[in-house]
Amino acid sequence: IIPAGEEILQNSVEYTMKTYQALINLGVPTEDARSILPHNILTLISFRCTYRGLVDLAGVRLCAQAQGEFKEVVHSIKEEVAKIEPYLASKLLPICEHTGRCEFRSSYDRSCPEGKYVKTS
């Protein structure tokens, strides 16, 4: 996010959290109150997957079209894998690097912003 927007974003998150707490205080079930929470905030994540699953995850989430937050998470995972096994980390790439073409085929996907691969039809 651009620096000028950080204060606006922070104010929005603070207001949303106050609203969430007010709903909880009124007795609204947490699973219902959570629906107003933003999805782009800092959180701790723990997950397990096979290496094959991680390759698939990296293929989608390292794509130039993926949301920045997801790219950051997968890049961090890749860095941790590289500390243990650099060769395996080297295979955690966007899917287009494995297939040689853009794999996103829906009508609303934009073309590759890096211009490396053409969308297949």
Could you please give the count of residues in the range 53-64 that are loosely packed, with under 15 Cβ neighbours inside 10 Å and in contact (Cβ under 8 Å) with a residue 40 or more places away in the chain? 0
Does any residue in the range 12-26 that is over 11 Å from Leu37 (Cβ atoms) come within less than 8 Å, Cβ to Cβ, of a residue that is open to solvent by less than 50 Å² (accessible area, probe 1.4 Å) six or more places away or on a different chain, and which pairs are these? Ser12/Pro38; Ile24/Ala33
Quick one: in the range 31-68, of everything that is of a type in the set (Val, Ile, Thr), in a helix (DSSP H, G or I) and farther than 22 Å from Asn11 by Cα, which residue is modelled with the highest pLDDT? Val55
Could you check, for the range 91-107, whether at least one of its residues is β-branched (Val, Ile, Thr), modelled with pLDDT under 95 and open to solvent by less than 50 Å² (accessible area, probe 1.4 Å)? no
Residues of the range 54-100 being out of contact with any helix residue (DSSP H, G or I) (no Cβ under 9 Å at 6 or more places or on another chain), farther than 26 Å from Pro38 by Cα and not β-branched (Val, Ile, Thr), in sequence order, are Glu85, Pro86, Tyr87, Gly100
Tabulated pairs, the range 92-104, first in a helix (DSSP H, G or I), second surrounded by 13 or more Cβ atoms within 10 Å (Cβ to Cβ), C-beta under 6 angstrom, 6+ apart or interchain: Ile95/Gly59; Ile95/Glu103; Cys96/Cys102; Cys96/Tyr117
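The values are calculated or read from the model by the stated rules, or taken from the named source; none is laboratory data. Computed from a predicted model, the values in this text were never measured in an experiment. Quick reminder, even Gly has a Cβ in these numbers, built from the backbone with ideal geometry, and neighbours come from all protein chains shown. Keep in mind that these areas ignore ligands, DNA and RNA; they rest on the heavy atoms of the full protein, side chains included. Shrake-Rupley method; radii C 1.70, N 1.55, O 1.52, S 1.80 Å.
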